[in-house]
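Only one structure is covered here, and it is reproduced in the block below.
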Amino acid sequence: MARNASIAETELVRVAVEALRARLPEDWDVEAIVQPAAPQRHDAMLTLTSADRTEATFLIEAKSTPRPSVHDVVRQLRAMAPMDNAKLLLITEYASPPLRRELEEAGISYLDTTGWVSLTSSDPVVLIRLEGAAKPPRPRESAATMRLTGPATARVIRHLLEGHPPVGVRELASLSSSSSAAVSKLMPTLVDAGAIERSEEGTITRVRKRTLLDRWTADYSFLNGNGVVLDYIAPRGITRTLDQIRGSSDVVTVTGSAAAREYLPSGITPVVPLSLLTLYSSDITATAGNLQLVRSDRATSNVLITAPRDRTLLGEAETSASGLRIAPIGQVLADLLTLPRGRLAQEAEQLIDVLARDDDAWRE
């Protein structure tokens, strides 16, 4: 098992370094030398050579787990450093936003296979920042991997995002109105992704909520994870349409930007203007007619309506202080991260930052 892990991490280093080399100027060079497997040693050394032949060397810890715990990574890297001023570098498959932020705060460089790069050094002076993918790569399929799609999976994940461990399989099944068999089948995939940890008895003892959300949205998206999605324009504006929804007897659940605003504490201004209204409805055309919406195309629409595959999003939605029926917070975040408008992900990050103030599980 240790040898297999070593091979996987060697390949991870190779792929990430090749991706970096392809984006550097032609007169720069980068080389990684893999170290023999041994306890308390770094996995490899990376040497970066600039055009003027100045060299900077980094000690590498490679983590093939898609979203490692930043706390564990920092502790392990520092334990392997032979001196306090050693330059440390994490190489992983995907560096999520909270992982990138906390590594930067800890003064640790990072590099992933999707193109995210942060290489910093004070002696010699090096500062390289490159952007990679907005989402993690789709997980490789294995015997223990299942796709995170479908109503039961969504309910289980939402309860994990909203609750706190420890929680057993049967209790989680009851809370999410799912079968114990369905929950048990899901567990290996979440463990493999690093999203949860379990005791020997099978109890979930730790949930890394940001990692769990990232893994879910690698498979789920608002457009592909529900029924047909129809596009509309609200002729009188989104704010007026929201007022109509508050006074309507239709069973409509709000998600996306408008719902995220309901979850933000008072006094916090959303990072982007409200430009897209996203709704769940059991009867799309009836809802559109009652709200006096006009059919449109995807490029010009400002209202999206779909019928959810998970009907509990309609029947069990909570009513916010302003009178809107809103989707659970985990669903709102998943929808924001996967809706077809780039800046909506910034709203998800803002809400995650707010949640992380009171719950450290959202930081990893």
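The values are calculated or read from the model by the stated rules, or taken from the named source; none is laboratory data. Computed from a predicted structure; not experimentally measured. FYI the Cβ positions are ideal-geometry reconstructions off the backbone, even for glycines, and counts take in every protein chain you see.
Data for the structure
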{"item": "Close pairs (7 angstrom Cβ cut-off, 6 or more residues apart or separate chains): in contact (Cβ under 8 Å) with a residue 24 or more places away in the chain and not assigned by TED's automatic domain parsing to the domain that holds SER176 in the stretch 322-336, buried (at least 20 other Cβ atoms within 10 Å of the Cβ) and part of a loop (DSSP other than H, G, I, E, B) anywhere", "result": "ARG325/ALA317; ILE326/ALA317; ALA327/ALA317; ALA334/TYR220; ASP335/PHE222"}
{"item": "SER257 in contact (Cβ under 8 Å) with a residue 24 or more places away in the chain and in a loop (DSSP other than H, G, I, E, B)", "result": "no"}
{"item": "Single residue of LEU242, LEU223, LEU213, LEU230 found to be part of a helix (DSSP H, G or I) and either within 21 Å of ARG298 (Cβ to Cβ) or more than 26 Å from the chain's Cα centre (by Cα) (or both)", "result": "LEU242"}
{"item": "Single residue of the stretch 314-336 satisfying the filter (at pLDDT below 95 and touching a Ser or Thr at 6+ places or on another chain (Cβ under 8 Å)) that is nearest to ASN226 (Cα to Cα)", "result": "LEU314"}
{"item": "Selected residue (criterion: surrounded by the most Cβ atoms within 10 Å (Cβ to Cβ)) from residues of the stretch 229-282 that are under 19 Å from PRO151 (Cα atoms) and at pLDDT below 95", "result": "SER282"}
{"item": "Selected residue (criterion: nearest to SER248 (Cα to Cα)) from residues of the stretch 296-321 that are free of Cβ contacts under 8 Å to residues at least 12 places away in the same chain and part of a loop (DSSP other than H, G, I, E, B)", "result": "GLU316"}
{"item": "Residue satisfying condition, being surrounded by 15 or more Cβ atoms within 10 Å (Cβ to Cβ) and at pLDDT 70 or above, within set ALA79, ALA133, ALA51, ALA62", "result": "ALA62"}
